[in-house]
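Okay, so here's the structure we're looking at.
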Amino acid sequence: MLFADSEEQALIRQTARAYFADKYPAERLYAIERGDSAVAASDVRELADLGWLALFAPADAGGGGIAMLDAAVVIDECGYAAAPVPLAASNVAADLLSRRPGFAGDVTKIASGTTFVSVASGTRLRGGAAGGGLVADGRRLRGELRQVPFGNRAAVVLAPLRVDGDRAFAAVALDGCARDEARTLDRRDFAHLRFDGDASLARVMATGAEAEAMHERCDALFTAFAVVETAGMLQRVLEMTVEYISQRVQFGQPIAKFQAARHRAAELLMQAETVRWTAYHALWRFQEDDRDTREIWLAKHWAIRAVERTFQVSHLLHGGVGVGTDYPLHLYTQAMSALAVRAGGMGEMVDRTLEPLGVAAARR
Amino acid sequence: MDFAYPAELDEFRRDFSAYLDGIVTPELIDEIVRSGFETRGPATVAFWRRLGIDGYFGLGWPAEYGGGGKSVLYLHAFNYVMAYRRLPVPVVTLNTVAPTLMWIGSEEQKREYLPKILRAEIEFSIGYTEPEAGTDLASLQTRAVRDGDWYIINGQKIFTTGAHQADYLWLAVRTDPEAPKHRGISILIVPLDAKGIEVRPLGIMHGGHTNITYYDNVRVPVSALVGEENRGWYYMTTQLDFERVAISPVPHLERLFDSLCAALRSEGASPPDEWTRVTLAQMAADINVLKVMDLKTASMVANGQVPVYEASLLKVLSNEARARMIAEALQIVGERALVRAGCAGGFTDVAGDTFERQLRESPITLFGGGSNDIQRDIMAGHGLGLAR
C-alpha cells in the first residue's frame, strides 16, 4: 500500500499546479467572479491540448486512457486552484460516451475540444424532481434541466430522460433550447435549459436497466470527483490559513502562537487529510469494481461535514480579511459549499448509505 | 498511490478468525464479560498461552527472537480481529515492552524476557504517569539513584494499570535530576514482588481498578536498565509512535455499528425514526474515514516511515468519534442500553459487551496515551510547521 502520489502522479500534480497557478491567478478569479472575465473557448482548447478533457476514457475510444486515480490528481489540483473549468463534467461525459458503441466519435470531439459536453448530473435529477426532467414523447422533446454545469455554452448535455414512458439516458444536443442564466453561489456559467424541440435532438445511449446503470455511474463519478475537487480546495484553505495566522500579529505575537488558533488549524488539517484520502480510496474502489460505490457516498457524507467545519474555522481564523472579495478565501468557501450541496446532498447520502444495510426504509 | 490491501492479509484474517472459533470457549467469554473486560483470570491466561504457542504473539517479531518475521500489517490485522471480538490482548507487553527490548535491550534481557513474553508467561505494567506528571510526562520525579551495582528507587506513580496482576514494571525514573527534564529519564525493569513496592487500587468508572504504586527504597540491579541511562524519554516517545499503529480504534467502532444494525434489523417492520437514520449514516461515514486513515498510518509503518502527526490525527478523530458514537448508540437502543451486564432486559453488542459500559470507558482514550489537546499541538507543530 502507498498512501502517497506515485512518481507519475507527482509529475501530473506538479504540471497541473503550475498550469492552473499561471492561468488562473487570484486576480483573474476575482474578475470571473465579478463577470468581467470568463473561461473562454480558447481556455477550453488549451485544456484539450493538455489532454485533460477526456483523461480516463479509453485510448481506443479517443480518450487519454490514464487511470481514474491519475485523472483525479488533475481534478484535485483544479480544486486547489479554484479554477472554474469544466474538467469533472467533461471527463465524466467522455467516460459515459466511451462505454456506448456508436458514441466513440463524441469522445474524440470532447478530447479535441471541438464539442463541449456537460452532464446534467445527476443526483438532484433523480426522480425528475428538479424541473420535471426531460420527456421525449413521439416526435417532441420537452422539459427542463436545471442548473446544468456550463449550461451557458455546452453543445451537448448527457441526461436521464423518459422516452415514450421508458427510462433512458441520452446525449442531448442543445441546439435551439432556451438557456436561462442560473447564477449560483459560486458560478456564473450554469444554466437552466428549457426544451421544446425535435426528439432527434436526444440521441439515446441506453434504455431501461442500462439507462439506470448509466445514470448511477454518472452520479457515482460526478460525486467522487466532487469530493476530490473539494479535497484540493480544503488543502488550499488549510495552507492559506496557516500562512495567515503565522503572519498576523495580535497582542504582540503571531496568532499562530495562541493555542486556540493552533488547535483550530489542526482541525483544518484533519478535515483536509481525511477528505483527500477517503476520496481517493473511494475512487480506487470504484476503479477496481464499478459496482462498488459505497465508499463514494460515505466520502461525500464526510466531505459535506468537513466543508461546514472548514468554512467556519477558516473564516474565524481569518477574521475580516477572509470575507474580502480581494482575498481568495471566499472563492474557496463558496465553491466548496456549493459542491457540498451539488453532487448529492446530505439527505441523498443518508439514503445511499442506509439502503444497502437493510436497516431503514428509503425515502425515495 | 496504491490502496490494494494485500490478499494474504485477508486470508490471514479469515484463517485467524476460524482458528479463534476453535479455541474461544464459553468459559473464556464468561470470564471476560464477568471481569468487565479487564481480566487476567485462568481462562484468559490459558488462552494467551495457546496464542503464544501457536505463534500469534510473535507474528511481527524477527525470526531470531522466535517470531514470524511478518510485516507490521499482520500485527495490525491480528489486533483488529482480537479487538472486534473484544478478546483481551496483553497490549503493553506485546506492543511496548517487547519491541523496545528487541530494539535496545541487552542480550541478557532479550534472553530472559522475550521467550517468556512470546509464550505469555509474563506480563508487564507500565509505570510512567505520576500525580504531578501527566500530560507533562517529562516532569516525572520518581528517582533512581545508583548505589554500586544497584539502583535505589523512591517515588510514586499513578494509573499504573495492571500492576496488581502483572509480573514486572516497565518503570520510567529520573536518573539525572540536574539534566534538562527530557534528558535525565531512564527505563528500568522492576519485578513487582521486589521489596518496597506497594500497590493500591484506584477505582475507575468503567469497572475494576487501576493502581497507585509507591516505591520505598526499592533495589534493582543495574542490569535492570533498558538501553542507555538518561535516554529513556527518547525510547518512550519513539515507541509510542509505533504503538499507536498496533492499537486500531476501528474494530471497536465497527462492532458498535454492526451491533446497532443487527438490532435494528431484528426489530422488523417499524423503520427507524429520521434522527436514527441520519445518525446511522453519519456513523457509517465516520467509520469509513477512520478505516482509511488507519490503513494510511499502518501502511506508513509498513513502508518504514514514522507516522507522527498522522498518528495524532487518527487518535483525535477516532477517540472523539468513539465517545460520540457510544452516546448516540445509547440513544438509538434506548433504555435497554442502560441495563448493566448480568441483569435481565439489557442489551449487549455482538461481543457480549454493554453499551453503558462502553460509555463509561469512552472518556479514557480522550486523554490516555497523550491528551487529545497535546495531539492537536503535535499536528500544529509537526503537520503544519507552526512554531510555538
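We did not get these values from a lab; they are worked out from the coordinates using the rules stated. Small disclaimer: the values here were computed from a predicted structure and weren't measured. With ideal geometry, Cβ positions are generated from the backbone for all residues, glycine too; neighbour counts draw on all protein chains shown.
General observations
- Within the stretch A:234-258: backbone nitrogen closer than 20 Å to the B:A387 label point (7 Å, Cα to C-beta): A:239-258
- Rounded if a/c under 1.5, otherwise prolate or oblate - the stretch A:7-112, Cα gyration tensor axes: oblate
- The trypsin sites (Lys or Arg not before Pro) of the stretch A:243-293 that meet both conditions, a loop assignment by DSSP and at most 14 other Cβ atoms within 10 Å of the site Cβ, are A:R291.
- Which of B:L20, A:G63, A:Y30, positive extreme of dipole for the protein assembly as shown (C-beta unit charges): A:Y30
- Highest mean packing first, where packing is the average number of other Cβ atoms within 10 Å per residue, the peptides B:186-193, A:83-90, B:142-149 line up as A:83-90, B:186-193, B:142-149.
- Applied to the stretch B:192-207, the Karplus parametrisation 6.51 cos²θ - 1.76 cosθ + 1.60 on θ = phi - 60° returns per-residue 3J(HN,Hα) values of 5, 8, 5, 5, x, 9, 10, 10, 10, x, 10, x, 10, 5, 8, x Hz, with x for Gly and Pro.
- Unit charges at the beta carbon, dipole of the stretch A:117-207: most positive-side option, A:G176, A:A120, A:L141: A:A120
- For A:R167, the shell of other residues with beta-carbons less than 10 Å away shows a net charge of -2, using +1 for Lys and Arg and -1 for Asp and Glu.
- Simple Cβ-charge dipole of chain B, Lys/Arg +1 and Asp/Glu -1, about Cα centre, in debye nearest 20: 220 debye
- Straight-distance candidates among the lysines for linking to B:K181, with alpha-carbon spacing under 18 Å and chain neighbours fewer than 8 residues away dropped: B:K157.
- Net charge, A:C177 excluded, C-beta distance under 12 Å - Lys, Arg +1, Asp, Glu -1: -2
- Overall, the protein assembly as shown carries a charge dipole of about 1140 debye about its Cα centre when +1 sits on the Cβ of Lys and Arg and -1 on the Cβ of Asp and Glu, all other atoms neutral.
- Taking every DSSP beta bridge that has both ends in chain B, the antiparallel portion is near 85%.
- Within the stretch A:7-112: Cβ-based charge dipole about Cα centre, in debye rounded to nearest 20 (Lys, Arg +1; Asp, Glu -1): 260 debye
- Part-to-part distance (alpha-carbon centres) for the stretch A:247-316 and the stretch B:247-303, which is given in Å: 19 Å
- Gaussian network model of chain A, springs between alpha carbon atoms under 10 Å - residue of A:L96, A:L316, A:L47 with greatest fluctuation: A:L316
- Applying 0.36 nm per residue to the separation of B:S35 and B:K195 and subtracting their alpha-carbon distance, the gain on full extension is 54.7 nm.
- Taking amide hydrogens as placed 1.01 Å from N in the peptide plane, the amide H of A:V85 sits under 5 Å from that of no residue at least 5 positions away in sequence or on another chain.
- Each part reduced to its alpha carbon centroid, the stretch B:332-388 and the stretch B:171-201 end up 30 Å apart.
- GNM flexibility winner over chain B from B:I32, B:I197, B:I23 (Cα, springs under 10 Å): B:I23
- Straight-distance candidates among the aspartates and glutamates for linking to B:K315, with alpha-carbon spacing under 17 Å and chain neighbours fewer than 8 residues away dropped: A:E267, A:E273, B:D241, B:E243, B:E254, B:D286, B:D294, B:E361, B:D373, B:D377.
- Signed unit charges on C-beta, dipole axis of the stretch B:247-383, positive-most listed residue B:F367, B:L256, B:V339: B:F367
- Here's how it looks for A:L161: its modeled amide H is under 5 Å from those of A:A168, A:F169, A:A170, which are all 5 or more places away or on a different chain.
- Structure remark: mean-square fluctuation, Gaussian network model of chain A, C-alpha springs under 10 Å; the largest value among A:A41, A:A265, A:A303 belongs to A:A41.
- Under 14 Å from B:K195, Cα to Cα: aspartates and glutamates that are on another chain or at least 8 residues apart: B:D167, B:D216
- Each Lys or Arg adds one and each Asp or Glu subtracts one; over the other residues with Cβ under 9 Å from the Cβ of B:A43, this totals -3.
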